[in-house]
Amino acid sequence: MSHETLVLIAKTFGPIWMGGFLLIVLVRAYNPKRRAEQERIGRSILPCPDARDRP
């Protein structure tokens with residue numbers, strides 16, 4: 001297999017693979033079934049509003 005063939009394969013299948021990966025990430029990120037879990041995870045790093053009032 002020559003260098004030119006490997007470059008052609010990489011330039012052809014690389015963007016296809018990355019596009020498929022992006023599609024999977026977007027589907028998982030915007031899936032309505034996962035919204036509650038993502039909201040919980042997003043709020044878990046924020047301080048509790050009651051924590052400021054406590055000594």
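Structure summary
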{"item": "Matching residues in region 21-49 - criterion: being in a loop (DSSP other than H, G, I, E, B) and modelled with pLDDT of 90 or more", "result": "30, 31"}
{"item": "Subset of region 1-23 [aliphatic (A, V, I, L, M) and surrounded by 10 or more Cβ atoms within 10 Å (Cβ to Cβ)]", "result": "6, 7, 8, 9, 10, 18, 22, 23"}
{"item": "Search result, residues across region 5-35 that are within 17 Å of the chain's Cα centre (by Cα) and of a type in the set (D, E, K, R)", "result": "28, 33, 34, 35"}
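The values are calculated or read from the model by the stated rules, or taken from the named source; none is laboratory data. The shown structure was predicted, so the numbers you read here are calculated from the model rather than taken from an experiment. As a convention, Cβ positions derive from the backbone with ideal geometry for all residues, glycine included, and neighbour counts pool all protein chains shown.
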